[in-house]
Structure formats: C-alpha cells, structure tokens
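**Student:** I have a structure I would like to understand better, so I am pasting it below and will then ask my questions one at a time.
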Amino acid sequence: MAEPVLIAQLTDTHVVAWGTDTPLHVDNNQRAASAVARLNAEEPAPAAVVMTGDLVNDARPDEYAALAELLAPLGADVLPLPGNHDDRALVRRTFADFDWSDTGHLSWVRVVDGVRIVGLDSTRPGHPGAEFDDERAEWLGAALAAPHEGATILAMHHPPFITGIEWMDRAGFIGLGTFAEIVGASRVDRIICGHMHRPIGSSVGGVAAQVAMSTVQHVALDLAPSATASLVHDPVGYQLHRVVGTEVVTHSRYIETGQEPFVPDWAIDDYA
Ligand SMILES: [Fe+2]
Ligand SMILES: [Fe+2]
C-alpha cells in the first residue's frame with residue numbers, strides 16, 4: 001500500500017498591506033500568520049501547500065510584499081494560483097522562483113511525492129467571474145492527457161459548479177461546459193477550489209469538486225434566490241488532502257478556535 005501524502009490547501013487569505021486603513025472585518029494578515037504557524041506544526045507535515053487564489057485583497061504590490069513576509073516561515077513549498085483579487089504579473093513576481101511557464105495564464109503542473117497537482121488559472125482579468133478559454137482548454141487537455149500513475153488533483157480558484165449562493169454565482173464561469181467535458185474525459189481524482197470562503201462539495205463531469213474555507217470571513221450561507229451579498233464569521237482554517245494511491249480524503253483544520261483536543265471522561269475506546 002502506498003504511503004499517504006498530505007497536500008495542504010490554503011485559500012482566500014486576502015492579505016493586506018501592513019498598517020492598511022482598508023476596512024476589514026478580521027485581521028487578515030494575523031489569520032494568515034496563524035495558518036502558517038499551524039501548518040508548520042502539522043504532524044505529519046504536508047508535502048506542499050496549494051494556495052487557491054485571492055492571495056491578497058486588492059492586487060497591490062505592498063500587499064504582495066506582506067504576503068511574501070507572511071509565507072517566509074512556511075516549511076513546505078507553496079504552489080500558488082491567482083484569484084479574482086490577484087494580479088497575474090504581481091503573483092509571478094512574488095513567487096519568482098516558481099518556474100512559471102510563459103503562458104499568459106498562470107497555470108502549472110507539479111508532481112509532489114507522486115501526486116500530480118494541476119493548477120488551473122480560472123481568472124478573467126478585470127472581472128470577478130471565471131473564464132476557461134480555448135487557450136486554457138488546450139492547455140488543460142494536454143496536461144491531463146500526459147501519462148501519470150497515482151492521483152491527480154486539479155486546483156483552481158473558482159468552483160466549476162453553481163453553488164446556489166446566487167450573488168456569488170452571478171459573476172459566471174465562461175466555458176464551463178467545455179471544462180466539464182475535458183475533466184469528464186480525463187483522469188482527475190479531485191477538484192479543489194476557493195473563492196466562496198466556505199466549504200462546499202459538488203461534482204463536475206463526474207469528478208468530485210469542492211471548495212475549502214477561507215482564513216478570513218466566509219460568504220454567508222443564504223440559498224434564497226433573492227439573497228443579497230452578506231458575510232459571516234464562521235470557523236476558519238485550511239484543508240488537508242490525504243492522498244493514498246488515487247484516493248483523496250479531505251480533512252478540515254480549524255484554527256483560532258481556542259480549543260485543544262481532549263480525552264473525555266467516558267470510555268471513548270469503546271466507540272473506536
Ligand atoms: Fe476570496
Ligand atoms: Fe475570489
């Protein structure tokens with residue numbers, strides 16, 4: 001049996017410039033620092049940390065400088081993707097050692113301890129919604145057609161499904177049908193996303209697709225068709241994808257709960 005490989009997913013950190021006067025609901029940078037510290041304490045340690053976009057809040061150079069500072073203590077390699085709050089050129093510059101390809105979009109493929117991670121740039125520059133154009137369709141088809149033994153995780157910022165939280169869905173996903181066709185015809189074991197700031201699961205093209213929670217405030221859960229934009233302070237953290245062979249099992253690590261594991265007074269072993 002193959003050894004488990006842990007791939008962490010940190011998303012929607014929305015880092016801001018130090019000392020910013022941007023009105024925020026939580027201390028975004030402190031949350032990112034807290035997540036980095038907890039990731040470093042993970043045992044076993046994750047083999048890599050995929051960041052599924054909205055790395056910073058407002059695509060400003062001083063925000064990316066703060067992001068680089070906050071990520072500097074992280075023990076694992078970062079695999080970064082842009083979100084709709086990011087700027088491609090600044091992401092490229094911030095992660096200058098990442099060995100980006102020379103495509104306009106910031107998509108990449110990395111194999112980490114036998115797990116293939118395909119990072120797809122789903123952004124539509126200047127727009128909050130997603131885009132999967134012909135160039136990216138060709139790129140993804142080729143990336144997924146390359147032979148690989150073991151699991152393939154497809155990471156992207158925007159979820160490739162209608163979530164039901166309408167004010168967020170409204171921004172749309174250009175090329176979603178083509179995306180579903182390509183994924184459905186390929187070997188993908190899990191699709192991991194961000195953007196919604198709250199955990200959500202679905203499927204696309206027959207492949208399980210999910211959103212991880214943000215480290216800042218969540219989009220409120222309101223499934224009414226008339227729902228207006230609203231946020232909520234739900235528990236924050238990151239996710240750990242435990243990969244064995246081609247099986248991907250996802251766990252949520254909540255941070256800043258003020259809670260520690262404890263052994264109950266009753267015989268818990270009887271239930272294990
Ligand atoms: Fe976000
Ligand atoms: Fe987003």
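**Student:** Right, His158: away from ligand 1 (no atom under 16 Å from the Cβ), closer than 21 Å to Ala59 by Cβ and open to solvent by less than 60 Å² (accessible area, probe 1.4 Å) or not? First the steps, then the outcome.
**Tutor:** Values: away from ligand 1 (no atom under 16 Å from the Cβ): no; closer than 21 Å to Ala59 by Cβ: yes; open to solvent by less than 60 Å² (accessible area, probe 1.4 Å): yes.
Here the answer is no, as His158 does not meet what is asked.
**Student:** Consider only pairs whose beta carbons are under 7 Å apart and that are at least six residues apart or on different chains; among these, list those whose first residue lies in region 184-207 and is within 16 Å of ligand 1 (Cβ to nearest atom) and whose second residue is open to solvent by 40 Å² or more (accessible area, probe 1.4 Å) and assigned to a strand (DSSP E or B).
**Tutor:** Matching pairs, first to second residue: Pro199/Ser252.
**Student:** Sticking with this one: Taking the conditions exactly as written (of a type in the set (A, V, I, L, M, F, W, C), open to solvent by 10 Å² or more (accessible area, probe 1.4 Å) and modelled with pLDDT of 95 or more), does Ala180 satisfy them or not? If you could, list the steps in order and put the result at the bottom.
**Tutor:** Numbers: of a type in the set (A, V, I, L, M, F, W, C): yes; open to solvent by 10 Å² or more (accessible area, probe 1.4 Å): yes; modelled with pLDDT of 95 or more: yes.
When the stated conditions are applied, Ala180 passes them.
**Student:** With Ala65, Ala48 as the choices, which residue is among the aliphatic types (A, V, I, L, M) and touching a helix residue (DSSP H, G or I) at 6+ places or on another chain (Cβ under 9 Å)? Full working, then the answer.
**Tutor:** Numbers: Ala48 fails: touching a helix residue (DSSP H, G or I) at 6+ places or on another chain (Cβ under 9 Å).
Exactly one of Ala65, Ala48 is among the aliphatic types (A, V, I, L, M) and touching a helix residue (DSSP H, G or I) at 6+ places or on another chain (Cβ under 9 Å), namely Ala65.
**Student:** Where the second residue is buried (at least 20 other Cβ atoms within 10 Å of the Cβ) and among the aromatic types (Phe, Trp, Tyr) and the first is over 15 Å from Glu135 (Cα atoms) and lies in region 159-181, which pairs have Cβ atoms under 6 Å and are six or more apart or on separate chains?
**Tutor:** If the second residue must be buried (at least 20 other Cβ atoms within 10 Å of the Cβ) and among the aromatic types (Phe, Trp, Tyr), the pairs left are Pro160/Phe179.
**Student:** Right, something else. Looking at region 70-81, can you tell me whether even one residue there is in contact (Cβ under 8 Å) with a residue 24 or more places away in the chain, in a helix (DSSP H, G or I), within 18 Å of the chain's Cα centre (by Cα) and closer than 24 Å to Gln217 by Cα?
**Tutor:** Our first condition is that a residue be in contact (Cβ under 8 Å) with a residue 24 or more places away in the chain; within region 70-81, this holds for 70-71, 73-81.
Going one step further and asking which of them are in a helix (DSSP H, G or I), we end up with 70-71.
So of that shortlist, the ones also within 18 Å of the chain's Cα centre (by Cα) come out as 70-71.
Next, from what is left, pick out any that are closer than 24 Å to Gln217 by Cα: 70-71.
For region 70-81, residues in contact (Cβ under 8 Å) with a residue 24 or more places away in the chain, in a helix (DSSP H, G or I), within 18 Å of the chain's Cα centre (by Cα) and closer than 24 Å to Gln217 by Cα: present.
**Student:** Report the residue count in region 235-266 for those that are without any contact (Cβ under 8 Å) to a residue 60 or more places away in the chain and open to solvent by less than 60 Å² (accessible area, probe 1.4 Å). Write out each step before concluding.
**Tutor:** Our first condition is that a residue be without any contact (Cβ under 8 Å) to a residue 60 or more places away in the chain; within region 235-266, this holds for 235, 249, 251-252, 254, 257-266.
Filter once more, so that each one left must be open to solvent by less than 60 Å² (accessible area, probe 1.4 Å): 252, 264.
Of the residues in that region, 2 qualify.
**Student:** Scan region 1-17 residue by residue and report those that are in a loop (DSSP other than H, G, I, E, B) and either within 14 Å of ligand 2 (Cβ to nearest atom) or hydroxyl-bearing (Ser, Thr, Tyr) (or both).
**Tutor:** As a first pass, look at region 1-17 and keep what is in a loop (DSSP other than H, G, I, E, B): 1-4, 11-14, 16-17.
Across region 1-17, the qualifying residues are Thr11, Asp12, Thr13, His14.
**Student:** Only residues that are open to solvent by 60 Å² or more (accessible area, probe 1.4 Å) and either closer than 22 Å to Gly245 by Cα or touching a helix residue (DSSP H, G or I) at 6+ places or on another chain (Cβ under 6 Å) (or both): list them for region 111-155, please.
**Tutor:** Val111, Asp113, Ala145, Pro147, Glu149
**Student:** What about Ala76, is it hydrophobic (A, V, I, L, M, F, W, C), more than 15 Å from ligand 1 (Cβ to nearest atom), at pLDDT 95 or above and within 30 Å of Gly129 (Cβ to Cβ)?
**Tutor:** Numbers: hydrophobic (A, V, I, L, M, F, W, C): yes; more than 15 Å from ligand 1 (Cβ to nearest atom): yes; at pLDDT 95 or above: yes; within 30 Å of Gly129 (Cβ to Cβ): no.
No, not satisfied.
**Student:** Can you confirm whether Ala212 is under 20 Å from the mean Cα position of the chain (by Cα) and under 19 Å from Ser107 (Cα atoms)? Working first, answer last.
**Tutor:** Working: under 20 Å from the mean Cα position of the chain (by Cα): yes; under 19 Å from Ser107 (Cα atoms): no.
No: the conditions fail for Ala212.
**Student:** Out of the residues in region 183-203 meeting the condition of being hydrophobic (A, V, I, L, M, F, W, C) and open to solvent by less than 10 Å² (accessible area, probe 1.4 Å), tell me which one is farthest from ligand 2 (Cβ to nearest atom). Step through it out loud before you land on a result.
**Tutor:** Initially, region 183-203 is screened for residues hydrophobic (A, V, I, L, M, F, W, C), giving 183, 185, 188, 191-193, 196, 200.
Retained after the next criterion (residues that are open to solvent by less than 10 Å² (accessible area, probe 1.4 Å)): 183, 191-193, 196.
Working: Val183: 20, Ile191: 16, Ile192: 14, Cys193: 10, Met196: 8 Å.
Taking the candidates together, the pick is Val183.
**Student:** Could you tell me whether Thr228 is open to solvent by 60 Å² or more (accessible area, probe 1.4 Å) and under 25 Å from Thr13 (Cα atoms)? Please lay out each step first, then the result.
**Tutor:** Working: open to solvent by 60 Å² or more (accessible area, probe 1.4 Å): yes; under 25 Å from Thr13 (Cα atoms): yes.
Answer is yes for this residue.
**Student:** Which residue is surrounded by the most Cβ atoms within 10 Å (Cβ to Cβ), if the candidates are limited to region 28-52 and must be away from ligand 1 (no atom under 13 Å from the Cβ) and within 15 Å of the chain's Cα centre (by Cα)? Before the answer, list the steps.
**Tutor:** At the first step, the residues of region 28-52 found to be away from ligand 1 (no atom under 13 Å from the Cβ) are 29-30, 33-50.
Of the ones still in play, those that are also within 15 Å of the chain's Cα centre (by Cα) are 35-36, 39, 46, 48-50.
Working: Ala35: 25, Val36: 23, Leu39: 22, Pro46: 24, Ala48: 18, Val49: 24, Val50: 29.
It comes out as Val50.
**Student:** Any residue in region 247-254 that is more than 16 Å from the chain's Cα centre (by Cα) and closer than 17 Å to Leu154 by Cβ? Reasoning before the result, please.
**Tutor:** Looking only at region 247-254, we keep the residues that are more than 16 Å from the chain's Cα centre (by Cα), and these are 247.
If we keep only those that are closer than 17 Å to Leu154 by Cβ too, we end up with 247.
Yes.
**Student:** Which condition number does Asp58 fail, the rest of (1) within 16 Å of ligand 1 (Cβ to nearest atom); (2) assigned to a strand (DSSP E or B) being met?
**Tutor:** Evaluating Asp58 over (1) within 16 Å of ligand 1 (Cβ to nearest atom); (2) assigned to a strand (DSSP E or B) leaves (2) as the failure.
**Student:** Quick one: Leu55 ticks every box in (1) open to solvent by 60 Å² or more (accessible area, probe 1.4 Å); (2) in contact (Cβ under 8 Å) with a residue 12 or more places away in the chain; (3) under 23 Å from His233 (Cβ atoms) except a single one, so which number is it?
**Tutor:** So Leu55 meets the others, but not (1).
The values are calculated or read from the model by the stated rules, or taken from the named source; none is laboratory data. Please read these numbers as outputs of a predicted model, since none were measured by experiment. Cβ sites come from the backbone with ideal geometry, for glycine too, and all protein chains shown count toward neighbours. The protein model used for the area step is the full one, side chains on, heavy atoms only, and it has no ligands, DNA or RNA in it. Shrake-Rupley method; radii C 1.70, N 1.55, O 1.52, S 1.80 Å.
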